[in-house]
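Written out below as structure tokens is the structure these notes cover.
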Amino acid sequence: MDYQKVVFPYRRAPDQGARTPARHPVVVVGAGPVGLALAIDLAQQRVPVVLLDNDDRLSTGSRAICFAKRTLEIFDRLGVGAGLVDKGVSWNTGRVFLRDQPIYSFNLQPETTHERPAFINIQQYYVEGYLVERAQELPLIDLRWKNAVTAVAQDDNGVQVTVQTPDGDYALRADHLVACDGARSSVRSLIGQEAKGRTFRDRFLIADVKMAADFPAERWFWFDPPFHPGYSALLHKQPDDVWRIDFQLGWDADPEAEKQPERILPRVRALLAHSAMKDAPFELEWASVYTFSCERMASFRHGRVVFAGDAAHRVSPFGARGANSGVQDAENLAWKLAAVLQGRAGDALLASYGPEREAAADENIGHSTRATDFITPKSEVSRLFRDATLQLARDHAFARALVNSGRLSTPATLHGSPLNTPDRDEFEGSMMPGAPASDAPVRVDGRDGWLLRCLGTSRFAALVFDDAGSPAAGRAVRALHQAADELAPLDVLLVAADARSRVEGARTVIDAAGLVTRRYDGRPGTVVLLRPDQHVCARWRAPDAAALRQALRRALALP
Amino acid sequence: MPLITTPHFDAADAFYEALIDAHRELSSAQSHELNAKLVLLLANHVGDRGVLDEALAAARDSVLRAPPTLSTGNRR
């Protein structure tokens, strides 16, 4: 399938003939990466979803191309990870150049013992295409193309949504409406809300250039390169021999003029001329000129209407925090919506989505803003310090750490979330309450595997650390099942040194390399409780059933 | 740890001379560059976020309170 050309047929939905508006538990607006991820996640948790998109095509142009490790782990859970990683270009290394000299390189994944790389590059239309194909396998997803939302009204009983189609308008009712309809969200304006923040006075040309080129699969960033003096440039490798090149243009550039091939081709030729691929033939596939903003809605939840992805928050692209944080929003929301709709939790759980993801958005906005200030300094003195930092970086290690060509996306640790149970025992390392669970190599059922793959799809899970059948582990497993009884489905993994460890009610995963133990600071009897979105919510050295139950209730926002 | 603003130089006058001397034969633009680099080098050496914040605040406060004639290069 050529994902750039596919057109999805409009189909009249049975709802469109209904005499009173049909009611659905969840209506999602926007079938981009975030809306699709949310719909698949909900369907996997047996929640039916109506997914509306105002168009009938996938993303035009490569747009979001850098998909981070955490997003890949989420995609694995949604059933699309393997395909995307196979097609995509994996990378871990970034290099920064000042003029024609390399000054700094960084490895985003120095620990190699994880299933997924730090990043893959792949065009947004592939991501959407694979997600659409996955959605089409799930009968609980009703994906409606050419369905544009034109009015939204909520009352005590639900949300009334007016939808415009080629066949005319119709109305729907939803218990919950989730807006994943992008930076210019119509749902957001329809409910009278705005995103507030800052727009940067600069413009970037982004171009997809098809060429057989020898640059390595690394993120290359230039400050003041000889081929584009006084400005910045960025190079990424994508699948199909397509290269993404970004050229900073400055605020005074004319966006319409700069999109013309006759302006773009010489820029690309100049870049190639300074490389070993001087006369390589190339073809321009797509180009766009953009300005960027860092902004967000004050609150991502307005009653029964919830916002995720760019509809809720927007960042400048340095750091790849846009689509990645949007997919992480969807993951945060899906299990909460499912729990509420299935009667396992109340509104307080849904209410936790806003604060958790608003805090994550602030973290992403902070990083993206700092990077943008460094890349496009806006005052004389800001430029003075920026250039001073770049020059010192040639000779001094401390300055290299200051060079900010983008702090690449890592998933937010949900510090201070009310769903976390604060540590009462001492632990080392980063698997604190709120942290996304770290992957690690394990052996399970006689085969090599990965810890995150052993976590049940969208269920609570507990890691119990064992030491050759210690009674503490057995007690912990029993206490966990007791605690979870009638609260939430729970998978228990016994993390053991070898296959001799067996406890009823737990699945044994062998920590052959000891990395689960190291990364989680596990000792015999340690229990780590994970939310359905694979974030740690509690951990103890030797919990009793009461403590476990309290932590589960807390994670569900139950009183 | 608070910012030290009581005398702390090994040899204050000698440092002062060295500071001015570091700028010899530099253009105005180069001097600004040197100052910026010196700030970054020394800030990294200090490291402590609290001390740095205090220093930034003290410097900014001094700028904002300084009478206009002192803050420009224009003297009789």
Query - Residue check, A:Val503 at pLDDT below 95 and within 17 Å of A:Leu548 (Cβ to Cβ) - result: yes
Requested in this report: Run A:Pro226 past the list (1) closer than 19 Å to A:Gly61 by Cβ; (2) over 22 Å from the mean Cα position of the chain (by Cα) and report the number of the one that doesn't hold.
Outcome: (1)
Query raised in the report: Hey, does the stretch A:455-476 have a residue that's touching a strand residue (DSSP E or B) at 6+ places or on another chain (Cβ under 8 Å), in a helix (DSSP H, G or I) and either touching a residue at least 40 places away in the same chain (Cβ under 8 Å) or at positive phi (or both)?
Result: yes
Query raised in the report: Which fully enclosed strands (runs of 3 or more DSSP E) of the stretch A:131-229 have 2 or more residues being among the polar types (S, T, N, Q)?
Result: A:148-155, A:158-165
Query raised in the report: Residues in the stretch A:382-406 that are crowded, with 17+ Cβ neighbours inside 10 Å, under 32 Å from the mean Cα position of the chain (by Cα) and within 7 Å of chain B (Cβ to nearest Cβ): how many?
Result: 2
Report task. Return the total of residues in the stretch A:352-374 being among the aliphatic types (A, V, I, L, M) and either within 14 Å of another protein chain (Cβ to nearest Cβ) or more than 26 Å from A:Thr413 (Cα to Cα) (or both). Result -> 0
Query raised in the report: Filter the stretch A:411-454 for residues that are touching a strand residue (DSSP E or B) at 6+ places or on another chain (Cβ under 7 Å) and in a helix (DSSP H, G or I); which is nearest to A:Ala479 (Cα to Cα)?
Result: A:Cys454
Report task. Filter the stretch A:264-310 for residues that are touching a Cys at 6+ places or on another chain (Cβ under 6 Å) and among the aliphatic types (A, V, I, L, M) and give the result. Result -> A:Ala308
Requested in this report: Among the candidates A:Arg507, A:Arg554, A:Arg531, single out the residue that is surrounded by fewer than 24 Cβ atoms within 10 Å (Cβ to Cβ), within 23 Å of A:Ala348 (Cβ to Cβ) and touching a Cys at 6+ places or on another chain (Cβ under 8 Å).
Outcome: A:Arg554
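Each row is one residue, and each column tells you yes or no for (1) closer than 21 Å to A:Gly416 by Cα; (2) part of a loop (DSSP other than H, G, I, E, B).
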position: A:Arg502; (1), (2): no, yes
position: A:Thr508; (1), (2): no, no
position: A:Arg518; (1), (2): no, no
position: A:Arg523; (1), (2): no, yes
position: A:Leu558; (1), (2): yes, yes
Query - Residue match in the stretch B:58-71 (condition: away from chain A (no Cβ under 14 Å) and either of a type in the set (Lys, Arg) or closer than 22 Å to A:His396 by Cα (or both)) - result: yes
Requested in this report: Give the stretch A:337-364 a look and list any residue that's within 24 Å of the chain's Cα centre (by Cα) and among the charged types (D, E, K, R), or say none.
Outcome: A:Glu356, A:Arg357, A:Glu358, A:Asp362, A:Glu363
Query raised in the report: Are there any strands (runs of 3 or more DSSP E) wholly within the stretch A:73-128 with 2 or more residues that are in contact with a helix residue (DSSP H, G or I) (Cβ under 6 Å, 6 or more places away or on another chain), and if so which?
Result: A:101-107
Report task. Looking only at the stretch A:325-348, decide whether some residue is buried (at least 24 other Cβ atoms within 10 Å of the Cβ), assigned to a loop (DSSP other than H, G, I, E, B) and not β-branched (Val, Ile, Thr). Result -> no
Query raised in the report: Out of A:Ser379, A:Ser409, which single residue is within 29 Å of A:Ala323 (Cα to Cα) and away from chain B (no Cβ under 12 Å)?
Result: A:Ser409
Report task. List the number of the failed condition for A:Asp521; all other conditions in (1) over 18 Å from A:Pro433 (Cβ atoms); (2) surrounded by fewer than 20 Cβ atoms within 10 Å (Cβ to Cβ) hold. Result -> (1)
Report task. Could you check, for the stretch B:8-21, whether at least one of its residues is facing another protein chain (nearest Cβ under 9 Å) and surrounded by 10 or more Cβ atoms within 10 Å (Cβ to Cβ)? Result -> no
Query raised in the report: Consider A:Gly322 against the criteria (1) on the phi > 0 side of the Ramachandran plot; (2) surrounded by 20 or more Cβ atoms within 10 Å (Cβ to Cβ): it satisfies all of them except one. Which criterion is unmet?
Result: (1)
Query raised in the report: Considering the stretch A:254-287 alone, what residues qualify as being under 21 Å from A:Thr199 (Cα atoms) and in contact with a Phe, Trp or Tyr (Cβ under 9 Å, 6 or more places away or on another chain)?
Result: A:Pro255, A:Glu258
Requested in this report: Run A:Leu451 past the list (1) modelled with pLDDT of 95 or more; (2) surrounded by fewer than 22 Cβ atoms within 10 Å (Cβ to Cβ) and report the number of the one that doesn't hold.
Outcome: (2)
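The values are calculated or read from the model by the stated rules, or taken from the named source; none is laboratory data. Everything numeric in this text was worked out from a predicted model, so none of it was measured. Note that each Cβ is placed from the backbone with ideal geometry, even for glycine, and that neighbours are counted across all protein chains shown.
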